[in-house]
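The values are calculated or read from the model by the stated rules, or taken from the named source; none is laboratory data. Just so we're clear, the structure is a prediction, and the values are computed from it rather than from any experiment. Every residue, glycine among them, receives a Cβ derived from its backbone with ideal geometry; neighbour counts consider all protein chains shown.
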Amino acid sequence: MITHTDALLLEQDLTLSLGQRELTQPVAGQALLRLEWAGVCGSDLHVIRTGDWVNTWPATLGHEAVGVVLDCPGGEFVVGTRVVVDSRVPCGDCHGCTQSANLCERLAWVGEIVPGGFERHAVLDVALLHACPEGLEAEIAVLAEPLAVAMHAVNRAGRLPESVLLIGYGPIGALVHSEITRRSPHINVLVREPNPMRLELALALGARSYEPSHPMRMPLVVDAAGYATSVADSIDLVSNGGTVLVVAIPHQPITLDGQGIVERSLNIIGCNGFADELPIAMAALDANPDRYRPLITEAVLLEDLVARLSDIASRPPAGKIVVRL
Amino acid sequence: MTAIGDLAARRVVGLPTYRPGKPSTGSAAGKLSSNESPLGAGPSVSDALRAAAGHPHRYPDDSATRHRLAAELGVTQSQLLLTNGSDELCYLIAQMFLAPGKRAVLGDPCYAIDNTVSLLSGADVVRVPLVRGAHDLRAMAAAAIDASALWLPSPHNPTGVAVSHGELVLFLREVPADCLVVLDQAYHAFSSPGTSPDVAALLAEFPNLLVQRTMSKDWALAGLRVGYAIAAPEIIGPLSAIRPPFSVNSFALAGLSAAVDQPAWQAMSVARVREGRALLQAELDSLGVEYYPSEANFVLVHIDHSELAPYLLEAGLSVRSGADLGMPGWIRITIGWAPTMATLIDALRKFSSAVPNNG
């Protein structure tokens with residue numbers, strides 16, 4: 001019987017350590033997982049900086065996770081099944097929940113309301129688990145959740161124009177780019193990204209660098225950066241009648257030019273998590289894993305995660321960091 | 001055995017058999033045994049191969065590709081020869097410059113194909129032992145007196161140690177002008193920025209130099225088999241004359257052109273390899289395991305393959321046994337995809353804690 005597991009622990013004073021967390025024993029409707037890989041998301045970094053959204057301390061973050069079922073008392077999953085974790089924990093009884101889990105008025109997330117993926121074992125409700133396609137590598141399956149987010153964002157944008165400006169080429173920006181070109185390979189994607197390693201990745205994947213010396217407005221601008229003025233910058237750079245798709249969470253309240261939005265007939269679209277895209281993302285990863293391989297640029301062992309997270313602000317990764325558990 | 005069979009068998013007596021790297025027991029990404037590119041070729045290469053598939057009835061025409069590559073390299077087409085992988089070039093060089101009564105100079109250990117083609121030519125083979133993984137350039141230059149060809153892989157395979165531009169210039173000045181120096185730069189793209197020799201300057205000064213490259217490593221076209229030589233027209237011309245016609249096929253030509261048209265992919269891939277190499281070497285330092293600091297997409301590590309094998313098997317990984325490469329007691333680890341390298345580091349830590357006196 002597994003009673004404890006190694007886990008990354010975030011204390012309320014925002015100190016991080018590798019410690020042990022007690023595991024409850026799974027009951028019917030739950031499964032015990034041996035987690036294999038977890039992804040580091042920008043929102044994890046936000047929580048590490050701020051402590052926002054956490055319900056119980058110490059927290060174990062990480063909502064992009066894949067693992068193998070070790071025990072499933074209700075029999076919903078066969079032992080040995082590889083599963084991807086659905087990060088959303090909706091309340092189940094609000095008006096939003098009747099439409100989609102991501103519209104829940106009290107939506108919480110794995111890693112904040114229940115221990116997340118930065119641990120070796122987890123007990124989770126089976127409703128949060130999706131069986132992986134046979135043969136899908138765990139190291140690729142770990143991208144399912146953020147890819148679902150990117151797919152949802154692109155779905156929210158509606159019909160894609162011939163040119164798109166992407167502001168910010170962190171992991172979610174890269175996934176949005178990948179999803180846009182998966183759907184329409186010939187779309188012209190321009191990227192504005194100050195980090196040279198991230199820009200190098202964007203160019204390798206077929207994007208072009210946005211040249212500020214030749215500013216031009218684009219029909220769709222995706223804000224995947226989340227800096228203080230990124231939404232305002234996106235509005236400046238979108239064509240009249242165009243769309244600003246806000247994917248990154250701003251770290252502070254922002255001020256918008258309401259008059260400009262009205263007079264220029266702009267669409268400002270937000271997108272929270274994903275709706276029904278998670279299985280679609282898993283199928284896309286399974287269909288062409290090599291397409292997504294370059295997006296994972298760094299992998300660390302759980303025992304090295306505290307050290308890596310402590311210098312992540314000064315040494316941001318080129319792409320997605322994944323954690324071997 | 002029949003008389004003809006006996007004749008054939010005697011021709012290959014003493015020739016080592018080339019053994020390719022073994023596949024991993026897990027996913028394909030776990031194969032760290034053949035110095036392949038972990039991310040593969042850029043997306044445009046697949047598109048080009050699909051397009052090339054429409055014309056299998058036509059003989060390949062390499063003129064446009066040679067023109068494109070020559071422009072990329074800053075050389076004339078008369079200085080460039082495409083070959084079916086750089087290994088075909090090894091055979092052509094041996095055929096052209098080596099024969100019974102002639103001498104070939106190699107490092108020890110050396111790249112296996114250089115050794116094979118030299119032996120097959122019937123030439124006398126002089127092996128000059130490496131010193132701390134590096135070519136002993138002074139001893140090689142001395143051995144090159146009366147030699148017809150000298151094979152100089154840099155970065156060296158399997159040690160990964162590279163010769164600097166300055167060392168190379170001094171060495172080339174020592175080597176007789178009638179000895180061909182084959183500078184095999186299969187792994188040069190992975191060298192630290194600023195350490196790769198200035199090939200144009202070297203070729204201008206040393207007409208007996210031939211630079212050998214492959215599209216298999218940083219350009220990730222190993223399965224297509226494309227390599228090339230850069231040298232003086234007086235060398236390239238005769239080599240072209242003995243190269244079988246159409247030895248570089250249409251798919252290889254299409255893939256090469258597409259790859260060269262997307263240099264950003266190669267730059268990104270090389271950057272990832274350099275990062276992975278730095279991480280692995282830092283880990284080996286931390287574990288106290290001996291290795292040769294590498295300028296290539298692999299690291300030669302002083303661990304016996306048989307001791308590490310159970311840990312690799314459990315992790316679903318394969319690396320190359322040094323015994324295959326003239327370095328028994330060592331392993332050669334190709335730098336793989338980031339998650340694969342994390343899995344490898346996990347296996348190395350487990351091995352190191354279980355077998356603390358390794359290396």
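Quick one: what pairs do we get from the stretch B:244-268, first residue touching a residue at least 24 places away in the same chain (Cβ under 8 Å) and within 20 Å of B:Y91 (Cα to Cα), second surrounded by fewer than 19 Cβ atoms within 10 Å (Cβ to Cβ) and of a type in the set (F, W, Y), C-beta under 7 Å, 6+ apart or different chains?
B:F246/B:Y59
What number goes with the only condition from (1) under 27 Å from B:V45 (Cβ atoms); (2) under 13 Å from the mean Cα position of the chain (by Cα) that B:V161 does not pass?
Of everything listed in (1) under 27 Å from B:V45 (Cβ atoms); (2) under 13 Å from the mean Cα position of the chain (by Cα), B:V161 misses just condition (1).
List the number of the failed condition for B:A204; all other conditions in (1) small (G, A, S); (2) surrounded by 18 or more Cβ atoms within 10 Å (Cβ to Cβ); (3) in the same structural domain as B:R58 (by TED's automatic domain parsing) hold.
Looking at each condition in turn, B:A204 falls short on (2).
Restricting attention to the stretch B:55-81, which residues are over 18 Å from B:P244 (Cβ atoms) and either modelled with pLDDT of 95 or more or not in a loop (DSSP other than H, G, I, E, B) (or both)?
Hits for the stretch B:55-81 are B:A64, B:H67, B:R68, B:L69, B:A70, B:A71, B:E72, B:L73, B:Q77, B:S78, B:Q79.
Within the stretch B:344-354, is even one residue under 28 Å from A:P294 (Cα atoms), away from every other protein chain (no Cβ under 14 Å) and surrounded by 20 or more Cβ atoms within 10 Å (Cβ to Cβ)?
no
Please find, within the stretch A:219-230, the residue that is farthest from A:S43 (Cα to Cα) out of those that are at pLDDT below 95 and more than 19 Å from the chain's Cα centre (by Cα).
My answer is A:T229.
Within the stretch A:233-248, identify whether any single residue is more than 14 Å from chain B (Cβ to nearest Cβ), in a loop (DSSP other than H, G, I, E, B) and either within 30 Å of B:D346 (Cα to Cα) or in contact (Cβ under 8 Å) with a residue 24 or more places away in the chain (or both), and answer yes or no.
yes
Looking at the stretch A:283-315 only, could you name the residues that are within 11 Å of another protein chain (Cβ to nearest Cβ), more than 15 Å from A:A138 (Cα to Cα) and polar (S, T, N, Q)?
Across the stretch A:283-315, the qualifying residue is only A:T297.
Only one of B:R274, B:R320, B:R349 is in contact with a helix residue (DSSP H, G or I) (Cβ under 9 Å, 6 or more places away or on another chain), in a strand (DSSP E or B), touching a residue at least 24 places away in the same chain (Cβ under 8 Å) and not β-branched (V, I, T); which?
Within the list B:R274, B:R320, B:R349, the selection yields B:R320.
Give A:E139, A:E134, A:E162 a once-over and let me know the one that is crowded, with 24+ Cβ neighbours inside 10 Å and in contact with a strand residue (DSSP E or B) (Cβ under 9 Å, 6 or more places away or on another chain).
A:E139
Would you call B:E283 in contact with a Lys or Arg (Cβ under 9 Å, 6 or more places away or on another chain), modelled with pLDDT of 95 or more, under 20 Å from B:S191 (Cα atoms) and not polar (S, T, N, Q)?
So B:E283 fits the description; yes.
State the number of residues belonging to the stretch A:303-312 that are surrounded by fewer than 20 Cβ atoms within 10 Å (Cβ to Cβ) and touching a residue at least 40 places away in the same chain (Cβ under 8 Å).
Here the count works out to 4.
In the stretch A:252-281, what residues are in a loop (DSSP other than H, G, I, E, B), surrounded by 15 or more Cβ atoms within 10 Å (Cβ to Cβ) and in contact (Cβ under 8 Å) with a residue 40 or more places away in the chain?
If the condition is that a residue be in a loop (DSSP other than H, G, I, E, B), surrounded by 15 or more Cβ atoms within 10 Å (Cβ to Cβ) and in contact (Cβ under 8 Å) with a residue 40 or more places away in the chain, then A:C271, A:N272, A:G273, A:F274, A:A275, A:E277 are the ones that fit.
Give the residue, chosen from A:A148, A:A122, that is hydrophobic (A, V, I, L, M, F, W, C), buried (at least 22 other Cβ atoms within 10 Å of the Cβ) and in a helix (DSSP H, G or I).
The unique qualifying residue is A:A148.
Under the condition of being farther than 18 Å from A:A150 by Cα and either touching a Ser or Thr at 6+ places or on another chain (Cβ under 7 Å) or acidic (D, E) (or both), which residue from the stretch A:201-240 is surrounded by the most Cβ atoms within 10 Å (Cβ to Cβ)?
Across the stretch A:201-240, the extreme among qualifying residues is A:M218.
Please go through the stretch A:181-204 and give me each residue that is in a helix (DSSP H, G or I) and either over 22 Å from A:P317 (Cβ atoms) or away from chain B (no Cβ under 14 Å) (or both), ordered by number.
A:R182, A:R183
Output the residue which, of all residues in the stretch A:25-65 that are assigned to a loop (DSSP other than H, G, I, E, B), over 12 Å from the mean Cα position of the chain (by Cα) and of a type in the set (V, I, T), is nearest to A:L302 (Cα to Cα).
A:T60
Please go through the stretch B:315-359 and pick out each residue that is touching a Lys or Arg at 6+ places or on another chain (Cβ under 8 Å) and at positive phi.
Those that are touching a Lys or Arg at 6+ places or on another chain (Cβ under 8 Å) and at positive phi: none in the stretch B:315-359.
Looking at A:A157, A:A207, A:A101, which is the one that is more than 29 Å from A:I48 (Cα to Cα), touching a strand residue (DSSP E or B) at 6+ places or on another chain (Cβ under 8 Å) and away from every other protein chain (no Cβ under 14 Å)?
Of A:A157, A:A207, A:A101, the one residue that is more than 29 Å from A:I48 (Cα to Cα), touching a strand residue (DSSP E or B) at 6+ places or on another chain (Cβ under 8 Å) and away from every other protein chain (no Cβ under 14 Å) is A:A157.
Tally the residues that are surrounded by fewer than 18 Cβ atoms within 10 Å (Cβ to Cβ), within 13 Å of chain A (Cβ to nearest Cβ) and of a type in the set (A, V, I, L, M, F, W, C), restricting the search to the stretch B:1-56.
Number of matching residues: 1.
Taking B:R138 as the residue in question, decide whether it is charged (D, E, K, R) and surrounded by fewer than 20 Cβ atoms within 10 Å (Cβ to Cβ).
Yes: the conditions hold for B:R138.
Condition first: closer than 15 Å to A:A138 by Cα and surrounded by fewer than 13 Cβ atoms within 10 Å (Cβ to Cβ). Now tell me which residues in the stretch A:55-94 satisfy that.
Matches in the stretch A:55-94: A:G80 only.
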